[in-house]
Amino acid sequence: MTNAIYKIWLLTVLFTVTACGSSTPPPREPQLLEKLHAAEKDARHALNGGELQRAQHSFNKALILQQSLDDTAGAATTMINLATVAHQLHEDEAALAWLDKILLERAPLYPADSQLTAAFRKAVILTNLGRFGEADTSLQLAEKSCEKKCSQRFNIDTLRARIFLLNGNAETALALAQIVGKAVEAGKEEQANALRVQAGAEEKLQRYADALTHYQSALEMDKPLGLSSRIAEDLNGLARTAKLLGREQDAAAYARRASLVNETKDKSVLSAHE
Amino acid sequence: MTLLADKDDRFKNLFGKAALFVLLAVLGMGLVFFWTGMKKGAFTPKSPIYFVADTGLDLKEGIPVKFSGFKIGKLTSLALDEQGHVQVEIEIETKHLVLLRQDSVVSLKKEGVIGDGVLDISRGSEDKPVLVGGSKVLFERANGLEQAVMEVKGRVMPIIDDVHKILSDPDGDVRQTLKNVRQLTAEINGLASEMRGTRQKIDQVLVSVDKNLNNEVGPLLHSLRQSAVQAETITTKLNQDLPGLLNKVDSSMENLRKTTETINKSVQQTVPQLPGMVGETRETMGKTREMMGSTIEVVNGLSTMWPLKGSVPVPEKGPVRMDSHD
């Protein structure tokens, strides 16, 4: 028995050694490409860890390398990422400047996908800044670039609904958000966003019971996604509508939960990466 | 008579041959020493220049004297005088003295942030006479890491203290402003309900107004209704957004207060230990740089090897996530 185990062990070692020996190691990448991949990897790692400044630095490094290697598609992606990081750092003007580098380029350098993403993200940032007119123009540009089956069509529709709601057109916002809210292919995050817009529109139209149900549905979707700020928004919506429905006790509980989430969400990002 | 007769021709003049060999070797060695000495500037005429330093810290015999980045001399001696000052002698190559003036200043600098010390001599004013051997010049210490840290501490600490006081003071401007905003939020809450009521009343009036009067009063009422709707939208939006905004301000202020406290404590604890730490850091940094170089090489090598290639994560591609609500 021991002899058999010994033979199997020997065979395994022989097989491994043969496999190692027969495989020629792949050639190393050129130095600039290695550096580029290292910078990109570091930037994404930093972003996942909430280290926005480091992510910004590494994306900048990656962009220089991509531009020096004539990788225009990669450069466009990195510029979009730099804009996103700048937006997360609350440097919205810098974020818009990065996106405009893609959108205002006259030569056909950047892929259509990147232009669509840039236009959409510009619209999101402008909406957050309350510049709805400019946001609408940018969103129209994104819609124009988005064919019927483009992957971002649900994001575009949700943002369109959000802009309608913020402009006071609750009926249209509700109609549009309802479609996205039911579309499974929109993805959980965008479905939850659409449900929140739907609830907001219903709240505005004084359909408080419906609003409460949809805020609840959005909350149930946001919780497994682990998005603290969205959870807080949902809870605040629930608190408002519960109060309007005269359910004071429920409203107070929702408001307290929202405030606890708001208080701890920043700390949770830091502790998650300790 | 010699004990053993040197009959072999090759042993003839053996002493002379050995002497010549030794002489050549000595001459060769002498030439090497001379050449090395000449290269090192041992035979270059030098002139002594003196200066006084308040302390001998970081000054030692042999440290180079540089002018515009070129070595033109070195520190030759250090001595403590009766007043406790340090008398320093430097030797500068005489041919370079013409470049320096009587008001030249010698400053002790570090090569790099934590490099070795060098004495940098400045040219001086053009209108002053040329520096001559045996002259005395002024000395100053350029900011080293320790001094730079102390200077930063001196400047930053009062600011941190001020920020801390401003954030902690319940009667301070910042806290008072927040209090006012909170009051405003409560008022806006009331205003929103009031505006809703106003708009509803206008709606009722519009329905009940007499048809004859409608032509005259109607447009006016419609315009009034539109204004009421706009005001209602604004107040409702403010009502919705302000609590979130206030929460963000609260949390940011708390974070800022805690950060200032932490910085304060860290600076107070770290600064006294710095002078000792800097010495150790220089050594450690050198070793770390060496280690990092080797580690990066090893990791890069390993990541391309067959058995490990698959387990090294490939960098993600594409734009980072952002949706319609980010």
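Nothing in this text is a laboratory measurement; each read-out follows from the coordinates by a stated rule. This one's a predicted model, so the numbers in the text were calculated from it and none came from an experiment. All Cβ positions, even for glycine, are placed from backbone atoms using ideal geometry, and neighbour counts span all protein chains on display.
Quick notes
- Rounded to the nearest 20, the Cβ-based charge dipole of chain A about its Cα centre (Lys and Arg +1, Asp and Glu -1) stands at 400 debye.
- Burial ordering of A:Tyr110, B:Tyr50, A:Tyr215, fewest other beta-carbon atoms within 10 Å first: B:Tyr50, A:Tyr110, A:Tyr215
- Extension gain, A:Asp100 to A:Val184: 0.36 nm times the residue separation minus the Cα-Cα distance gives 27.0 nm.
- Per-residue Cβ neighbour rank within 10 angstrom, fewest leading, A:Leu11, A:Leu219, A:Leu109, A:Leu238: A:Leu11, A:Leu109, A:Leu219, A:Leu238
- Computing FRET efficiency as 1/(1 + (r/R0)^6) for B:Arg321 and A:Lys144, where r is the C-beta to C-beta distance and R0 is 35 Å, gives about 0.90.
- For chain A, the relative contact order comes to 9 percent (Cα pairs under 8 Å, sequence separation of at least 6).
- Beta bridges from DSSP with both residues in the range B:46-142: antiparallel share about 80 percent, rounded to the nearest 5.
- Between the beta carbons of B:Asp161 and A:Leu89, assuming R0 = 35 Å, the FRET efficiency works out to 0.80 to the nearest 0.05.
- Put in line by how crowded their Cβ is, counting other Cβ atoms within 10 Å and starting with the fewest, B:Phe33, A:Phe154 read B:Phe33, A:Phe154.
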